[in-house]
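Note sheet for the following structure.
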């Protein structure tokens, strides 16, 4: 069974990202610069991470800074490019996030 993570807050859009064995609703706060309709992401921070069912664990924690999703860099990329990449990830695929957590850079994966 594939559960989903909901990513909200990036340009007011909601994206669905497949995560195996993890069901969390995750909110983000983008720090952007440049043209408002397709700004450059300077920073993307997790603002909320809530379990959707008991017994699961959220991979992304509040205050995590997302640095990369698989091969897609986040800081320095256009917001629409990051959104398109996230939407293109097939359900059930392994997703590896590179995040800055408590000052350290760590990898967290869905499988």
- Ranked on Cβ counts within 10 Å of their own Cβ, fewest leading, 42, 53 go 53, 42
- Query: Roughly how many whole Å is it from the C-alpha centroid of the range 27-82 to that of the range 83-98?
  - Reply: 13
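Read-outs: derived from the displayed coordinates by stated rules, not from any lab. Here the structure is a predicted model, which is why all the values come from computation and not from measurement. All Cβ positions, glycine included, derive from the backbone under ideal geometry; neighbour counts span all protein chains shown.
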